[in-house]
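Notes follow once the structure below has been shown.
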Amino acid sequence: MLLILFVIAISYLVGSIPTAYIFVRVLKGLDIRKFGSGNVGATNALRLLGRGWGITILLLDIIKGFLPVVVLGSILAPRTSLLQEQNLFIIIGLSAICGHNWTVFLNFKGGKGVATTLGVLLGLAFKIPGLNLVLGLTILVWFISFFAVRIISLSSILAAASFPIFTIIFRQSLLIALIGVLLSVSIILRHKSNLKRLIRGEEPKFRFNKPR
């Protein structure tokens, strides 16, 4: 039990690394929370640092979710029988997402969790049969909506909403469907301010602007 709690704590701390905050602070000497949307995430960092650094931060945020599931989960699974392997991987993944969303390093205020959730789901797709198809279709929804409207927040919301629907269509377990609903609701709620701007028609379309 202590080993499980230790791994969960490590996963949370890995997820908690505020990559966007660190990069903007080091490269620009700025607090990302005081600029743009104020979000501690890759999209806001991209607006401040440009395409290259923004994509780097996005990939690192994905890795923050992927590595705990694949590495820590694989190390722990053979060493405990208290939890089913699938449940263990899910708990580790959720811990990483919680770390990103409520990072201990920034007074428990973090990003919106889209990239880190994607990383967790990529890791789970290696362990759960059929989840790779569900995830692939969810990513497809994101890209189609993004290229149609060029609004990242709307694309993220639509992709998040589609994920639990795909888990049901492709007959994932009840647990995976419930986790899908939980992750979907979490992402949508963390886009509350974006939703308000979308309703008012004020949400900006994405542009690959050069950093200032």
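What follows draws every value from the coordinates through simple rules; no lab data is involved. Treat the numbers as computed from the prediction; the structure is a model and nothing was measured. Using ideal geometry, Cβ is built from the backbone for each residue, glycine included, and neighbour counts are taken over all protein chains shown.
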task: Provide the packing ranking of 41-51, 120-130, 187-197, i.e. peptides ordered by the mean count of other C-beta atoms within 10 Å per residue, highest first.
output: 41-51, 120-130, 187-197
Using θ = phi - 60° and Karplus 6.51 cos²θ - 1.76 cosθ + 1.60, couplings along region 144-160 (whole Hz; Gly, Pro as x): 4, 5, 5, 5, 7, 10, 6, 10, 4, 4, 5, 4, 5, 5, 5, 5, 4
message: Tell me the net charge near GLY54. Cut-off is 11 Å between Cβ atoms, GLY54 excluded, with +1 for each Lys or Arg and -1 for each Asp or Glu.
response: +1
field: Highest to lowest packing among 100-111, 143-154, scored as the average C-beta count within 10 Å
entry: 100-111, 143-154
HN-Hα J in Hz across region 115-132 - Karplus 6.51, -1.76, 1.60, θ = phi - 60°, x for Gly and Pro: 5, 5, 4, 4, x, 4, 5, 4, x, 5, 4, 6, 10, 10, x, x, 6, 4
- line: The long-range amide H neighbours of LYS109, using H built 1.01 Å from N in the peptide plane and a cut-off of under 5 Å, are THR103
- request: Relative to the longest principal axis of the C-alpha atoms of the chain, give the angle of the C-alpha long axis of helix 2-16, reported between 0 and 90° and rounded to the nearest 10°.
  value: 10
query: What angle do you read, to the nearest 10 degrees and between 0 and 90, between the alpha-carbon axis of helix 85-101 and the longest principal axis of the chain?
result: 20
field: For ASN101, net neighbour charge (Lys/Arg +1, Asp/Glu -1) across residues whose Cβ lies under 13 Å away
entry: +3
